[in-house]
Amino acid sequence: MKKKVKYVIAGTAAAAVTAALIAVWVMITQTKVSNAVARVYQNGTLLQTIDLEAVQESYTFTIEGSNGAYNTVLVEPGQISVTEASCPDKVCISQGKISDGVLPITCLPNGIVIQIETGNTANSALDGMTR
Amino acid sequence: MAKRMGYIGAFLALAAVCSLWFTGCGRSLQSQSASRTELVMSTVATVTLYGERAQEGVDAAFEKAKELEMILSAQNEESELYQVNQTAYERETEVSETLFTVTRRSLQYCRETDGALDCTLGKINALWAFGTENARLPAQEEITPLLVDRGYEQVQLNEETRTIRFLNPNIQLDFGATAKGFAADEMKRVLTEEYGITCGIINLGGNIITIGAKYDGQPWGIGVTDPDDHTRVVSTEYITNATAVTSGNYERYFIQDGVRYHHILDPKTGYSANNGLISTTVLAENSMLADALSTATYVMGLDKAVAYIEAMENVEAIFITEDRTVVKTAGLADDTFEGTA
């Protein structure tokens, strides 16, 4: 009987150690998942979904709006930006290159939003930016 | 043999349960999250929520914002405010409870800031049309006839009949400095009261409001954008159950003949405020208050603004001057701010 209790205690301890190892492994593999996916919207409609981690070579594309409005988007490995725009204030261009989900690129006059969703935002030092 | 298999089975089951406990505890909130970004209220909004009802909450929050846009927008011709602006000088105009509340509170902030904020610049704002493709520099002859000294004193409210009356034909209500804050507060109220959300962050065009602490119990890290490089921050504040609102000259503006014209108008001149500040961030519990104060303190200029905020309870601020000096009020010495609500 005593021997059985010992086995149970030893078994439980071993199970706990194994569990801790599994937990550490799960956490490490989870935090490694950080695929930055950019979603490009025009007036609320999703135009494109771009996996920025999969981008090998930089390229540009143009989003056309009404009355000749346009925004030229530069897609690079791991980051995205607007390089040219027809809007008067060019806020979208001055937002520069984004690579995380903290602050989306927006062009209000042309109704464009470029938002990055990362697999794991827990590592980002910031939860938001005021402006 | 069967006994041994039983032991192994029990061991594996125990290990599985324990590993769930190790990974799940404290992370359960984080594992159930929902987030969406949309253009609403003429700005970009991101709602990120944690917990069982996160997805429902995100949908409800955007629904609330859209509902309020149809009441409070000064530009949308379909909105209640737009309609009221067309008739309130001609006759007493009955309004919804929401519009009445926002008007009453906005006028109160105008009085409290001694006119640094004036929510009756609707006609002048329409001339500038900041943030639209029609943005332009109006001629002095267009602005001068529309300047009304303390225009907010020319709005008459009747609580009993819930009506609004303008006493001057040159004023129109524009809640550009309060509506987003009010909406952020309302979105938070719906989420906490109706959906039991205890953890989340709403970013309504740079107006940030947080619900509780982060999923890991830590405060939310909020960066104050560098006016010269929008991908960088000049300061990070750690807030819990509170709001942070910035007014800056770099958000809605245009440059003409080397001069930067931005959307924060000085009610005395009708032109962009130019009192030495380029960015003001206000931290408070209430987002409508923070929204109003970020605009008002921008117009006041540094010295007046610091004195004004220091005299208030549970409100702090960060100012960036033209020469890029960052000034924080005394309560932000440790860069933390906690709401009590």
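The values are calculated or read from the model by the stated rules, or taken from the named source; none is laboratory data. Quick caveat, the model's predicted, so the values are computed rather than measured. We place every Cβ from the backbone using ideal geometry, glycine too, and count neighbours over all the protein chains shown.
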Original post:
For segment A:28-48, does any single residue satisfy the condition of being assigned by TED's automatic domain parsing to the domain that holds A:Gly111, in a strand (DSSP E or B), at pLDDT 75 or above and within 23 Å of B:Asn134 (Cα to Cα)?
Top reply: yes
Subject >> Check on B:Tyr250, assigned to a strand (DSSP E or B), outside the structural domain of B:Glu133 (by TED's automatic domain parsing) and at negative phi >> reply: no
Subject >> Subset tally (residues that are within 8 Å of chain B (Cβ to nearest Cβ) and either more than 14 Å from the chain's Cα centre (by Cα) or among the polar types (S, T, N, Q) (or both)) for segment A:87-109 >> reply: 10
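Yes/no per residue for (1) more than 9 Å from chain A (Cβ to nearest Cβ); (2) touching a Pro at 6+ places or on another chain (Cβ under 7 Å); (3) farther than 20 Å from B:Lys328 by Cα:
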position	(1), (2), (3)
B:Val224	no, no, no
B:Thr243	yes, no, no
B:Tyr261	yes, no, yes
B:Asp266	yes, no, yes
B:Asn275	yes, no, no
Subject >> Test: residue in segment B:310-322 that is more than 13 Å from B:Leu117 (Cα to Cα) and aromatic (Phe, Trp, Tyr) >> reply: yes
Original post:
Among the listed residues B:Thr101, B:Thr144, which satisfies the condition of being within 19 Å of B:Leu72 (Cα to Cα), in a helix (DSSP H, G or I) and not assigned by TED's automatic domain parsing to the domain that holds B:Leu39?
Top reply: B:Thr101
**OP:** Hey, could you check segment B:45-68 for residues that are free of Cβ contacts under 8 Å to residues at least 60 places away in the same chain and within 20 Å of the chain's Cα centre (by Cα) and say which is farthest from B:Ser31 (Cα to Cα)?
**Re:** B:Glu67
Original post:
Say we look at segment B:202-216 and pick out the residues that are more than 12 Å from the chain's Cα centre (by Cα) and in contact (Cβ under 8 Å) with a residue 40 or more places away in the chain; which of these is surrounded by the fewest Cβ atoms within 10 Å (Cβ to Cβ)?
Top reply: B:Asp216
Original post:
Any idea which of B:Thr103, B:Thr113, B:Thr132, B:Thr120 is hydroxyl-bearing (Ser, Thr, Tyr), modelled with pLDDT under 95 and on the phi < 0 side of the Ramachandran plot?
Top reply: B:Thr132
Original post:
Among the residues of segment B:167-179, is there at least one that is surrounded by fewer than 21 Cβ atoms within 10 Å (Cβ to Cβ), among the charged types (D, E, K, R) and either within 12 Å of chain A (Cβ to nearest Cβ) or under 22 Å from B:Ile124 (Cα atoms) (or both)?
Top reply: no
**OP:** Consider B:Tyr298 carefully, then state whether it is more than 22 Å from B:Asp334 (Cβ to Cβ) and outside any strand (DSSP E or B).
**Re:** yes
Subject >> Selected residue (criterion: surrounded by the most Cβ atoms within 10 Å (Cβ to Cβ)) from residues of segment A:52-63 that are of a type outside the set (Gly, Ala, Ser) and more than 15 Å from A:Thr83 (Cβ to Cβ) >> reply: A:Leu52
Original post:
Residue check: is B:Ile255 among the β-branched types (Val, Ile, Thr) and either assigned by TED's automatic domain parsing to the domain that holds B:Leu99 or within 20 Å of the chain's Cα centre (by Cα) (or both)?
Top reply: no
Original post:
If you check B:Val245, B:Val224, B:Val234, which single one turns out to be over 30 Å from B:Pro145 (Cβ atoms), surrounded by fewer than 23 Cβ atoms within 10 Å (Cβ to Cβ) and in contact with an Asp or Glu (Cβ under 8 Å, 6 or more places away or on another chain)?
Top reply: B:Val234
Original post:
Residues in segment A:67-85 that are more than 13 Å from the chain's Cα centre (by Cα), at pLDDT 90 or above and of a type in the set (S, T, N, Q): how many?
Top reply: 4
